[in-house]
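The values are calculated or read from the model by the stated rules, or taken from the named source; none is laboratory data. In this text, all values refer to a predicted model and were calculated from it rather than measured experimentally. Virtual Cβ from ideal backbone geometry, glycine too; neighbours counted across all protein chains shown.
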Amino acid sequence: MDSSAIADRRQLRRKVGFWRIVAVLLLVALGFALYSVAGGDLVVNRGPQIARVKISGLIQDDTELLERLKKIEDDNRVKALIVSISSTGGTTYGGERIFKAIRAVAAKKPVVSDIRTVAASAGYMIATAGDDIVAGETSITGSIGVIFQYPQVKDLMDKVGVSLDEIKSAPLKAEPSPFHPASDDAKAMIRNLVMDSYDWFVDLVADRRKLPRDEVVKLADGSIFTGRQALKNKLVDSLGGDEAIRAYLDTRKVGKDIPIVDWDASGKRSSFFFSKAAAGLLNLFGYGDLVKGEDFQKLMTEKLFLDGLLSVWQGVGH
């Protein structure tokens, strides 16, 4: 083969390689567009899956989380739900809404509550929504109870010489107030409010854990328990982690080969799920030899969203 033929062949290879790269980049852009139009819905994970939702930090009325649970409830691909909880609690109303949303999911598919580190107060309230509760041996749970706190700044105001006058329609309006000690009637009103919510919480635990109410009342003094203590008191069903969760789901005919997919908040999952979607699209269109699954996803997550689209090709094969 003469030198001109060799040069022509090399030029042809460069052209083919260039257009191949362009095609791949177009597919990646298409994947991102599809991902954006779908509002973050998974493009690749179309098969059966076990959804996992992580609830951490302060529990409150979380519209995004409730919408996510609704999607899980309605998605026929999802065969079960794992609710992984790491929270010291939050508002009773927030816990109530999340509890009801999880129970709506449980009406259609198995739900396992996974207590990680701590699931206390409203965190435990949410955990009781699961059909089965798995806890770590040294995790912390319990704290069944309700509290109402308010600041008192009257002494500070007296020291700085500031007073507050008020005219109100009735003695209990805007009580308790941080500007003066609560009256006996105000304290009684707040206590009635607290005890009504407390009774609701106790009844919920008694119903969900199939325990006599008087036994729950003994546990509902605000005490916290380790996972081992909670198991002894029948507040959880078993100790362990993923294996215990899988074992329970197996009894509900949810196969151990079904993958667990994290359904994170859209802002947290965008880069990870986009990388999975892009990898899936490349495989779908016959470019699987250019990606190595997890390596590509890691590259997309760590490089693409830091350095820009062309950085996709940096480090491949290293």
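For this structure, a couple of remarks:
- Taking the listed residues Asp196, Asp132, the one that is exposed (fewer than 13 other Cβ atoms within 10 Å of the Cβ) and charged (D, E, K, R) is Asp196, with no other qualifying.
Here's the yes/no breakdown for (1) at negative phi; (2) more than 26 Å from the chain's Cα centre (by Cα); (3) exposed (fewer than 13 other Cβ atoms within 10 Å of the Cβ); (4) at pLDDT 95 or above:
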site: Leu204; (1), (2), (3), (4): yes, no, no, yes
site: Arg208; (1), (2), (3), (4): yes, no, no, yes
site: Val216; (1), (2), (3), (4): yes, yes, no, yes
site: Asp221; (1), (2), (3), (4): yes, yes, yes, no
site: Gly227; (1), (2), (3), (4): yes, no, no, yes
site: Ala230; (1), (2), (3), (4): yes, no, no, yes
site: Lys234; (1), (2), (3), (4): no, no, no, yes
site: Ser238; (1), (2), (3), (4): yes, no, no, yes
site: Ala247; (1), (2), (3), (4): yes, no, no, yes
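- Per the listing Leu30, Leu58, Leu26, the residue uniquely farther than 19 Å from Val105 by Cβ, touching a Gly at 6+ places or on another chain (Cβ under 6 Å) and modelled with pLDDT of 60 or more is Leu58.
- The set of residues in segment 143-166 being free of Cβ contacts under 8 Å to residues at least 40 places away in the same chain and either in a loop (DSSP other than H, G, I, E, B) or closer than 30 Å to Thr128 by Cβ (or both) consists of Gln149, Tyr150, Pro151, Gln152, Val153, Gly161, Val162, Ser163, Leu164, Asp165, Glu166.
- Only one of Ile190, Ile126 that is assigned to a helix (DSSP H, G or I), touching a Pro at 6+ places or on another chain (Cβ under 8 Å) and under 21 Å from Thr92 (Cβ atoms): Ile190
- Scanning segment 116-128 for residues that are in contact with a helix residue (DSSP H, G or I) (Cβ under 6 Å, 6 or more places away or on another chain) and crowded, with 24+ Cβ neighbours inside 10 Å yields Ala119, Ala122, Met125, Ile126.
- If you go through segment 167-180 and pick out every residue that is touching a helix residue (DSSP H, G or I) at 6+ places or on another chain (Cβ under 7 Å) and either loosely packed, with under 12 Cβ neighbours inside 10 Å or part of a helix (DSSP H, G or I) (or both), you end up with 1.
- Within segment 49-70, the set of residues being free of Cβ contacts under 8 Å to residues at least 40 places away in the same chain and either of a type in the set (Val, Ile, Thr) or in a helix (DSSP H, G or I) (or both) comprises Thr63, Leu66, Glu67, Leu69, Lys70.
- The set of residues in segment 193-210 that are in contact (Cβ under 8 Å) with a residue 40 or more places away in the chain and either within 17 Å of Ala174 (Cβ to Cβ) or outside any helix (DSSP H, G or I) (or both) contains only Leu193.
- Any hit, segment 93-109, residues being farther than 17 Å from Gly227 by Cβ, of a type outside the set (A, V, I, L, M, F, W, C), assigned to a strand (DSSP E or B) and without any contact (Cβ under 8 Å) to a residue 40 or more places away in the chain: no
- One residue stands out in segment 96-125 among those that are polar (S, T, N, Q) and at pLDDT below 95: the one that is farthest from Ile59 (Cα to Cα), namely Thr117.
- Looking at Thr63, Thr141, just one residue is modelled with pLDDT of 90 or more, surrounded by fewer than 24 Cβ atoms within 10 Å (Cβ to Cβ) and among the β-branched types (Val, Ile, Thr), and that residue is Thr63.
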